[in-house]
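One structure is given here, and the rest of the page talks about it.
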Amino acid sequence: MEENENKFEVISSKVSNANFKKNNTNGFGKNVLVPFFSGIVGCSLVIGTCFGVPSIKEKLIGDESTNSTVQTSTATGTTANLISLSNYSNTAVFAANKILPSIVGIEVTYSVTSNSFFGFGSPTTSSATATGSGIIISEDGYILTNNHVVDTSTSGSSYSYYDLSEATSVKVKLNSDIYGADAVYDATIVGKDSQTDLAVLKIEKTGLTAAEFGDSDEAVVGEFVMAVGSPLGLDATVTTGIISAVNREVESDGTTYVCIQTDAAINSGNSGGALVNSEGKVIGINTLKLSGSGVEGIGFAIPINSTLDIIDDLIEYNKVLRPYIGISGIELDDATVERYNLATLGIYIQSVENFSPAEKAGLQAGDIIIQADGKEVKTMDELNEIKNSHAIGDTMTLKINRNGTERDVTVTLEETP
């Protein structure tokens with residue numbers, strides 16, 4: 001309307017100047033006042049008509065009640081409709097309502113044996129509990145969670161004065177708003193895998209709402225996400241944020257994970273819960289967070305796409321089927337090569353397991369692996385990544401250096417015993 005008003009004022013000013021140039025004393029009322037007031041009346045009628053007729057008003061200033069649509073460029077360079085800020089809460093409400101029926105709380109009970117301290121006193125036994133979260137993945141009671149929620153193999157490893165047993169009890173609490181306040185079930189551990197930090201539980205219950213999986217490969221930085229779980233025992237808690245990074249490598253307890261990083265609040269007890277997108281679809285398993293003074297909003301989730309084969313193996317075989325070579329190795333750096341006068345950088349074979357694929361292929365302690373399937377390898381992680389891209393029964397070609405001479409060795413991969 002400002003443009004129309006500006007134009008109207010400019011035209012009115014020109015008309016008034018023209019009339020005053022023709023002014024004379026005898027015809028002032030006839031020549032000036034009458035046309036002047038007539039113009040005012042005419043303009044008033046025009047404006048009143050325009051603003052009184054909705055279709056004309058909308059063309060002039062638009063309909064204030066109409067929601068505007070924002071067009072912008074996405075990560076792929078195309079344009080897409082974005083949800084306005086006024087509808088942000090609706091997105092969160094939708095995502096929460098979709099995923100909450102599929103989220104469970106987990107409580108695990110262990111036996112704790114306190115050993116004698118420096119030979120003083122007798123061992124005592126007590127119980128301890130740990131909590132976590134899980135995701136219903138089938139209507140008949142299969143639940144996905146983190147291995148560290150239910151496994152104690154590394155718990156207390158740095159302390160010599162107590163031991164934790166295997167879990168003596170695993171209980172799953174369903175969403176009370178949907179399944180009732182007493183919906184607590186005993187669960188069995190179907191399978192668990194420390195390498196991927198995943199586990200599958202089973203409860204005897206049908207008619208459950210299984211979570212829908214999204215495509216974690218499609219995740220982009222800046223995308224809306226919601227973390228859902230039972231932090232600190234507070235069941236059905238949701239927190240929101242964005243994806244801070246994708247394909248972020250994080251090392252924990254000697255294992256490297258490739259994760260989705262998020263600033264959605266993740267706390268103790270969130271482990272095993274879901275990271276979902278704006279459609280309420282699971283794109284990650286909340287697993288890790290950085291903590292400490294001055295650290296905020298740095299959490300990590302295992303991408304759901306990387307879990308699919310693991311889940312199938314855990315359900316079908318109670319473990320993950322992986323090919324193995326059967327060696328233990330030392331990663332050589334420049335200083336080690338120089339100190340021991342070794343031939344090259346690579347992976348020094350420290351030992352070869354009896355009856356393993358490595359032994360059958362003729363690998364020996366002292367060999368240095370320098371390539372795998374034509375790719376240079378200097379670390380066990382690099383070697384394992386190439387090995388794990390194969391299926392059990394596949395062959396793998398290793399280039400080794402033995403006493404200064406290079407040769408190729410073909411290894412037929414077998415199932416990890």
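Taken together, the values in this text are just the output of simple stated rules run on the coordinates, not laboratory data. Everything quoted here is computed from the prediction, not taken from an experiment. Note that we place each Cβ from the backbone using ideal geometry, even for glycine, and neighbour counts take in every protein chain shown.
Between Leu308 and Glu279, how many nm apart are label points set 7 Å from Cα along the C-beta direction?
If labels sit at Leu308 and Glu279, their model points lie 1.3 nm apart.
Sorting check: for 252-260, 270-278, which peptide has the highest mean count of neighbouring beta carbons within 10 Å, and how do the rest follow?
Result, highest mean Cβ count within 10 Å first: 270-278, 252-260.
May I ask you to list the aspartates and glutamates whose Cα is less than 16 Å away from that of Lys378, ignoring any residue fewer than eight positions away on the same chain?
Straight-distance partners of Lys378: Glu331, Asp333, Asp334, Glu338, Asp367, Glu406.
Please work out how much length the chain gains when fully extended from Ser169 to Glu415, using 0.36 nm per residue of separation minus the C-alpha to C-alpha distance, in nm with one decimal.
85.5 nm
Fully extended, how many nm does the chain gain between Thr405 and Asn388 (0.36 nm per residue separation, minus their Cα-Cα distance)?
3.4 nm
Measure up Lys98/Lys281; Lys319/Lys375; Lys173/Lys205; Lys98/Lys192; Lys171/Lys202 against 19 Å on the Cα-Cα distance and list the ones that go over.
With Cα atoms farther than 19 Å apart: Lys319/Lys375; Lys98/Lys192.
Which residues does a label at Ala365 reach in region 403-417, if reach means a backbone N under 17 Å from a point 7 Å past the Cα toward the Cβ?
Counting backbone N atoms under 17 Å from the label point, the list is 403.
So for Ile370, Ile392, Ile347, fewest C-beta neighbours within 10 Å to most, what's the order?
Ranking Ile370, Ile392, Ile347 by Cβ neighbours within 10 Å, fewest first, gives Ile392, Ile370, Ile347.
Defining a contact as two alpha carbons under 8 Å apart and six or more residues distant in sequence, what relative contact order in percent does region 323-415 show?
So the answer I get is 31 percent.
At 0.36 nm per residue, and after removing the present C-alpha to C-alpha distance, how many nm does the segment from Thr129 to Asn90 gain when stretched out fully?
10.3 nm
Please list 299-310, 330-341 highest first by mean number of surrounding beta-carbon atoms within 10 Å per residue.
Result, highest mean Cβ count within 10 Å first: 299-310, 330-341.
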